[in-house]
Amino acid sequence: MAAPSLVTADRPSVTVQLVLSWRASSARHETCIDPEVSPMRSPSGRRRLLAIAAIVGGVALLGTTAATLLRPSPAEPPPASAAVAETALGRAISAAQARLRATPEDPETWARLGSAYVEQARITADPSYYAKAQGALEKSLAQRPENGPALIGMGSLANARHDFTAARDWGLRARAVLPDTAEVYGVLADAHTQLGETDEATAAVQRMLDLEPGVPAFTRASYDLELHGRVDEARQALGRALQDATGPDDIAFCQYYLGELAFDSGDLDLADEHYDRGLAADPNDTTLAHGKARTAAARGRTDEALSAYLTITSRVPLPQYLQEYAALLTSAGRTDDAARQYDVLAQQEEVLTAAGSVDDLAASVVAADRGDADSALRHAEAEWSRRPNILVADALAWALHLNGRDAEALGYADRAAALGKVDAGFAFHRGVILAAVGRADEAVAVLDAALRANPHFSPLHAPQAQRALADLRSPR
């Protein structure tokens, strides 16, 4: 059964048409779509699923920009709190706080403030903003039940906390109130994607394109295409988003994910080109610095990459960055330093859990990297019970393999591959599992494809894939 097609709305400014004809699948993007979910598109494959932990869960995508979340009038007072970052978003939050001190019975402003707090959590990697967001949104709903902006905000918050079932429910309630509002379908697209509800996710993205074919819709379309193996079309969708991008944050965002697509295809030069273009728009963007760190590591400039990761994790201690930093330290033989980063990562995950964000997927990946097969499986099974998507299917397959349960593992590895997503990490896992069940010829083909797709996919696992392929090809 074919999934629904995605096409842009019929308006003169839209020139790109996305036509998808992928097959339906039993499993699920993350993404997003990091990005997400919150207002960000989720990261791809293993990196994206880790980014989701603190950025905003699963398939996050760029939604409402910081400048439009809260747009104070020129007559409003300047920011009142030095604790809020001096950014467009920070100034908007401060202006909303000032307005609410003067007029507390203002459900619209409470709703916008709550959504802004969700965005602030993403930017700062500070999950304490989740509680602030919840308080503001609940205040809005108490003053005006079933108001659409607050329901959208609650859906975004639930996506950020990885409570995707609740996010879907909030999105459906918002749709009943605001059936023609694009942001509603962003919440639904992100939740459906993470829940493995692929047809529903595609339909939600299509509705966004119909209503408002701008950056949020095209970035989500890109991730949906990528998940189904339509990489060229995913790149076209991001290019269309970039055409619509106006502010430096949107430009940097689009260039980062164009760089990600290039990196995942093994093209380091093109990846660096996109990251550099993004940095020209926003020199302080951490995601772009992260992209440059990964290309440096892939080129063998390990000291440069480690120095960059140290700076990045000091600025924004996202679990994704901490995990990658620890993995690179391990690959460089600095196991004691890696252990310290894993300790920091464990502390950060405790903070996220206390803030209501549960991510057993990231925990499973970290446990697998550290050789803790029991914990990897426990976390993967817990996550699968909540969101049976292809990212979790891959993690569960690998955890089962590490526990010697390869026949079961292969079923989940096949589910991870069912949508057609091109992912070297997925292929590495599936190839090793195929070899373990005695299907050596298929294992060789899959591992060879993984390394041809992206020979730099992981500082830890790419060398393992190369060794496994060499062993399978060696005469017996």
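Take the conditions (1) farther than 26 Å from residue 189 by Cβ; (2) surrounded by fewer than 24 Cβ atoms within 10 Å (Cβ to Cβ); residue 422 misses just one of them, which is (1).
Show the residue pairs that are 6+ apart or on different chains and have beta-carbon atoms under 9 Å apart, the first residue being within region 394-420 and farther than 15 Å from residue 366 by Cα, the second being of a type in the set (Phe, Trp, Tyr) and not in a helix (DSSP H, G or I). Filtered contacts from region 394-420: 419/22; 420/22. Would you check if residue 195 is closer than 27 Å to residue 353 by Cα and surrounded by fewer than 22 Cβ atoms within 10 Å (Cβ to Cβ)? Answer is yes for this residue. Of all residues assigned to region 265-285, at least one qualifies as being farther than 14 Å from residue 255 by Cβ, touching a Ser or Thr at 6+ places or on another chain (Cβ under 8 Å) and not assigned by TED's automatic domain parsing to the domain that holds residue 455.
Give me the helices (runs of 4 or more DSSP H) completely within region 160-236, filtered to those with at least 1 residues that are in the same structural domain as residue 427 (by TED's automatic domain parsing) and of a type in the set (Val, Ile, Thr), ordered by residue number. It would help to see each step written out before you state the result.
Details: elements: 164-177, 182-194, 198-211, 215-227.
Where helices (runs of 4 or more DSSP H) fall fully within region 160-236, none carries at least 1 residues being in the same structural domain as residue 427 (by TED's automatic domain parsing) and of a type in the set (Val, Ile, Thr).
All of 166, 92, 133, 102 fail the test of being at pLDDT below 95 and among the small types (Gly, Ala, Ser), apart from 92. Annotation note: of 416, 362, 376, the sole residue that is assigned to a helix (DSSP H, G or I), among the small types (Gly, Ala, Ser), at pLDDT below 95 and crowded, with 22+ Cβ neighbours inside 10 Å is 362. Please work out if residue 431 is in a helix (DSSP H, G or I) and either of a type outside the set (Lys, Arg) or buried (at least 16 other Cβ atoms within 10 Å of the Cβ) (or both). Spelling it out, residue 431 is indeed in a helix (DSSP H, G or I) and either of a type outside the set (Lys, Arg) or buried (at least 16 other Cβ atoms within 10 Å of the Cβ) (or both). Kindly establish whether residue 437 is of a type in the set (A, V, I, L, M), assigned by TED's automatic domain parsing to the domain that holds residue 462, surrounded by fewer than 19 Cβ atoms within 10 Å (Cβ to Cβ) and modelled with pLDDT of 95 or more. When the stated conditions are applied, residue 437 passes them. For region 286-317, filtered to residues that are modelled with pLDDT under 95 and not in a helix (DSSP H, G or I), the residue that is surrounded by the most Cβ atoms within 10 Å (Cβ to Cβ) is 316.
Residues of region 262-270 include none that is aromatic (Phe, Trp, Tyr), over 20 Å from residue 423 (Cα atoms) and in a helix (DSSP H, G or I).
The values are calculated or read from the model by the stated rules, or taken from the named source; none is laboratory data. Treat the numbers as computed from the prediction; the structure is a model and nothing was measured. Cβ sites come from the backbone with ideal geometry, for glycine too, and all protein chains shown count toward neighbours.
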